[in-house]
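> Take a look at the following structure, please.
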Amino acid sequence: MALIGMNNLPCIRWRRHPASGRIRSILRILQEQTSCHDLRGEAHRIELIASMFRGWESALRKAKKRPGETRHRPWPLSERPGFLIRRLHQIHVALFQEACGEFEITPLQYSLLSALAVRKTADQTTLAADIALDRTTTTGALKRLAARNFVERAVDDEDRRARLCKLTPAGATLLAKIEASARAAHRATLENLSEREQAVFIDMMQRIVAAHSNRDSATALFD
């Protein structure tokens, strides 16, 4: 019979489909009905076949909607914002080292010197917030600057656990010397963009940072 024969069609590879079990059940029911009942009239037979295909299509649609079977196209690293941001940071650090290598100062230390030049005096927690890094990393950088006599770290009279920091004369002199080279490194990072594109790009970065200002990074993730 036609209904029984459909179960063995080689051209329809539905046995491997997730919905094949349900489809076989539909076929089995129809086979039993065909053998046990007198299907009177061609119209009744056609209705049974139509019902079978409706159930088949419904099963296939539900199978396609299963979350675990959703397939995504490959996502190249070159299209991922996070990857591109990390690469851009690596590129900027390399350019900064090329431009400022003679001063033996890292971009982080340069940021700290710049923040202190604006604040004059600040505790380590405030400086950590200014440069958007955790206090432990900031304290380590300040200690290294203090060891080279670029920063002074004094105990706060009002809070003995805190350290107040300020630029030393040597630190101020270093900052003045490095400023032109550091600015050149920043310009080089964006030199492939037009002046208008640079302004738009900086504006977009500022908007993203402002929208996520309550989020801090885990430094260990970038090691």
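The values are calculated or read from the model by the stated rules, or taken from the named source; none is laboratory data. It should be emphasised that the depicted structure is a prediction, and the values quoted were computed from it without experimental measurement. Cβ coordinates were reconstructed from backbone atoms using ideal geometry, including for glycine residues, and neighbour counts include every protein chain displayed. Surface accessibility is based on the protein's heavy atoms, side chains included, excluding ligands, DNA and RNA. Shrake-Rupley method; radii C 1.70, N 1.55, O 1.52, S 1.80 Å.
> Taking just the C-alpha trace of the range 137-223, give me its Rg and Dmax in Å.
17.9, 51
> Now for a different question. Check which residues have an amide H placed less than 5 Å from residue 123's amide H, if you skip close sequence neighbours.
165
> Moving on to the next point. Taking the simple approach of a point 7 Å from Cα along Cα-to-Cβ for both residue 160 and residue 126, what is their distance in nm?
2.2
> Now for a different question. In Å², what does the accessible area per residue of the range 68-223 work out to with a 1.4 Å probe?
I get 71 Å² per residue for the range 68-223.
> Can you compute 3J(HN,Hα) from phi for each residue in the range 125-131, using the Karplus curve 6.51 cos²θ - 1.76 cosθ + 1.60 with θ = phi - 60°, rounded to whole Hz and x for Gly and Pro?
So the Karplus estimates, Gly and Pro as x, are 5, 5, 5, 4, 5, 4, 9 Hz.
> Kirkwood hydrodynamic radius for the range 137-182: how many Å is it when counted over pairs of different Cα atoms?
One decimal place: 11.4 Å for the Kirkwood radius.
> Also, I was wondering about something else. Just report the Cα centroid separation between the range 109-137 and the range 173-218, whole Å.
17
> Quick one: which residues, 5+ away or cross-chain, put their amide H under 5 Å from the amide H of residue 151? H built at 1.01 Å from N.
Residues meeting the criterion, in which the H sits 1.01 Å from N, are 146, 168.
> Right, here's the next one. Once you charge only the Cβ atoms, +1 for Lys and Arg and -1 for Asp and Glu, what is the size of the charge dipole of the range 78-223 about its Cα centre, to the nearest 20 debye?
Dipole size: approximately 180 debye.
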